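Everything on this sheet refers to the single structure shown next.
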Amino acid sequence: MKTIARFGNRKIWLTTFILSTLLVGCGGSNSNHGGTVTYTAPTVSSTAPADSATSVALNSKVVASFDKVMDANSIDTLSFTVQGADEPALTGTVSYDAGSKTASFSPGSNFSSSTLYTATLTTAVTSASSVGLTSDYVWSFTSGTTVDSTAPTVVSTDPQNAATGFALNHSITAVFSEDLQPASVNSDSFKLTTNGGAVVVTGSVSYQDRLVSFTPDDQLAPSTLYTVTFTTAVTDLAANALAANYSWTFTTGTEIAEGPGPIKLRTAGDFVVLTKTGITNVHTSAITGNIGASPITAAAMDNVFCTEITGTIYGADNAYTGSGAVGCFAGSASDNTLVANAVLDMETAYTDAAGRTTPDFTELYAGDISGRTLVPGLYKWGTDVLINTDVTLNGSANDVWIFQISGDLIQASATSVFLTGGALAKNVFWQVGGGTGVALDTTAHFEGVVLAIKGITVNTSASVNGRLLSQTAVTLDMNTVTQPAP
C-alpha cells in the first residue's frame, strides 16, 4: 500500500509501515527490503574480568557488557554461569542493569585461589527485541590469592586538572585503577557542573574497560570553568567505593575541534614504548618516558640500559638485568600487573582505532602521501602508506587525525612528519595492520602515536615524538624517542 505525494515537479513515494509493524519482533529474521525491520543479534562488547586476566581478586564479581539493551528475564543463573577448573559451577545471583547494558554474576562465595575460571553466556541470552546471541560467549580468567579491599582511584583524566583551551565539542573521560561495577557509573555518580556547581550539564555517561566517558548533550560554553565530580557511589567489582568524592576542573577555549574523537589509550598512554614480545636496541638511544613489555620476560628489554631512559622500565617478571645497573627497572608483582593491563589497553585502543567508521578520506593518493598536507580527519587505506618526502599535518591543538592503514607504514630516510598550526602529536594516531608493520628509515623524524599489530622498526638515528605501541616487538637503533606533550 503506497501513497504518492507531489512537491513541485517531484514525486515522492511514501511507503506505509503497516507490513513493517506486523513483522516487528519476528526473531530478527526480517529483511530491511521493502520497509520491513531487521534486528541484529546482540554482541558482548567487553567483560570484567577481561578474557585471560590473571590475579583476579577472590571477591570479584563477573560482568559482561552488551552493545544493545537486553531482555533482563533472559539473563539468569542458567544462561550466565561461572565455573572453576575441576569444580562445580558457582552458585550466585545474576542481575542486569539496563542503563549500562551490563549483566553481573555475584558469586555466593569467594573464588578459589589460583584457579582458572570459565564464564559462559548462552544463546538463551536475548536482546530486548528477542534476538539471541548467535553462539555461546565464553571467556576465562585466573583468580589470584587475595581479596580486594582497596578503593578504586582515578589514574588519569582528559582534560587534565586545571587544563585550559579544551575543545567545545570533546567528551570528558577518566581512567580508573581497576574495573568498576558498570551499574555504579551513571548520571548520579558523575556530574559535570559550572557556575560553582549551580548548573549541571546534561549528557550521556558510559563506561567500558576502566574508562568513563561523558558526552554533553550540547557543546560546552566557550571560555568557561567546569568542575567534574565522581561521587563515592562509584564502586569496583568487589563493592569497594571511592574513598572520597573526586573532583577536578578545566576551562574551555573557543574552538570546535575538527576530525574524529581521539583514541583513548587508557594506561597504555603511560608508556612511550610498549610491546608484547620485547624491545631491542642498538646503543645509544635516548628515550623519554616509560617503556614496558608483557607477557614476554623482562629480559627481552636487557639491551635498553638505564642510562638511555628518562623513565621506568616495567616488566612482566623481575628478569631485567640491563647493563648491570637496574635502578630504572620495576618488576614487582604489582608492576607486572601494571604492564599487563597496559598491554590490554593497547589492544583495546588498536581495536578502537581500526573500528572507526565513515572515513573522511578513503584511499587518498593511493597510499602515497609524500609531500602532502593533510587536514584533520579519519583516513582509511587498504594498502601500504608511503612517506617518501616530507608530510605536513596542519590543524589546531584540539584537532585529531586517525590513519587506518591495512598495509604497512613506510617512511623514507631523511624525511619528516611536520605538525603545523598548533597540532599536537598526542592527537595523531597511526593504526597499522600490515603483516610487517612500521619502518622508519635512517634520520627520519616521525610524529604521533603508532598502534601496530606487528613490529615497529626505527632505523639508525631516526627520531620519534609520540608513542610506539606494538603487539609484537619494537626495534631501536641509536634513536631519540620522546613521549608527546600532554
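The values are calculated or read from the model by the stated rules, or taken from the named source; none is laboratory data. Because the structure is a prediction, the values reported are computed rather than measured. Methodologically, a virtual Cβ is constructed for each residue, glycine included, from the backbone with ideal geometry; neighbour enumeration extends over all protein chains shown.
Of all residues in region 149-169, those satisfying the criterion of being in a loop (DSSP other than H, G, I, E, B) and either crowded, with 21+ Cβ neighbours inside 10 Å or among the aromatic types (Phe, Trp, Tyr) (or both) are Pro152, Pro159, Ala167. Only one of the numbered conditions (1) touching a residue at least 40 places away in the same chain (Cβ under 8 Å); (2) more than 30 Å from Thr252 (Cβ to Cβ) is violated by Gly377, and that is (2). Could you check, for region 263-278, whether at least one of its residues is at pLDDT 95 or above and more than 24 Å from the chain's Cα centre (by Cα)? No, every residue in region 263-278 fails to be at pLDDT 95 or above and more than 24 Å from the chain's Cα centre (by Cα). Of the residues contained in region 373-388, none is found to be touching a Gly at 6+ places or on another chain (Cβ under 8 Å) and in a helix (DSSP H, G or I). Scanning region 200-245 for residues being touching a Pro at 6+ places or on another chain (Cβ under 6 Å) and at pLDDT below 95 gives a total of 1.
Scanning region 122-148 for residues that are small (Gly, Ala, Ser) and assigned to a loop (DSSP other than H, G, I, E, B) yields a total of 6. Taking the conditions exactly as written (among the polar types (S, T, N, Q), under 28 Å from the mean Cα position of the chain (by Cα) and under 15 Å from Val44 (Cα atoms)), does Ser106 satisfy them or not? For Ser106, the condition - among the polar types (S, T, N, Q), under 28 Å from the mean Cα position of the chain (by Cα) and under 15 Å from Val44 (Cα atoms) - is not met. Exactly one residue out of Gly292, Gly322 is over 29 Å from Lys426 (Cα atoms) and in contact with a Phe, Trp or Tyr (Cβ under 7 Å, 6 or more places away or on another chain): that is Gly322. For beta carbons closer than 9 Å, sequence separation of 6+ or different chains, a first residue in region 168-185 that is in contact (Cβ under 8 Å) with a residue 12 or more places away in the chain and within 16 Å of Val205 (Cβ to Cβ) and a second that is basic (Lys, Arg) and in a loop (DSSP other than H, G, I, E, B), the qualifying pairs are Thr173/Lys264; Val175/Arg210; Val175/Lys264; Phe176/Arg210; Leu180/Arg210; Gln181/Lys61; Pro182/Lys101. Between Gly421, Gly437, the distinction of being modelled with pLDDT of 95 or more and either under 16 Å from the mean Cα position of the chain (by Cα) or crowded, with 20+ Cβ neighbours inside 10 Å (or both) belongs to Gly437 only. Considering every residue within region 127-148, establish whether at least one is free of Cβ contacts under 8 Å to residues at least 60 places away in the same chain, crowded, with 20+ Cβ neighbours inside 10 Å and among the hydroxyl-bearing types (Ser, Thr, Tyr). Checked against the condition, which is being free of Cβ contacts under 8 Å to residues at least 60 places away in the same chain, crowded, with 20+ Cβ neighbours inside 10 Å and among the hydroxyl-bearing types (Ser, Thr, Tyr), region 127-148 yields no hits at all. Modelled with pLDDT of 95 or more, closer than 26 Å to Gln160 by Cβ and more than 21 Å from the chain's Cα centre (by Cα) - does that describe any residue in region 336-356? Within region 336-356, none of the residues are modelled with pLDDT of 95 or more, closer than 26 Å to Gln160 by Cβ and more than 21 Å from the chain's Cα centre (by Cα).
Which of the residues spanning region 16-71 are over 18 Å from the mean Cα position of the chain (by Cα), small (Gly, Ala, Ser), modelled with pLDDT under 95 and in a loop (DSSP other than H, G, I, E, B)? Once the filter is applied, which keeps residues that are over 18 Å from the mean Cα position of the chain (by Cα), small (Gly, Ala, Ser), modelled with pLDDT under 95 and in a loop (DSSP other than H, G, I, E, B), region 16-71 yields Gly25, Gly27, Gly28, Ser29, Ser31.
Residue under question is Thr442, and the condition is that it be part of a loop (DSSP other than H, G, I, E, B) and over 23 Å from Val343 (Cα atoms); does it hold? Spell out the reasoning first.
On the way: part of a loop (DSSP other than H, G, I, E, B): yes; over 23 Å from Val343 (Cα atoms): yes.
Yes.
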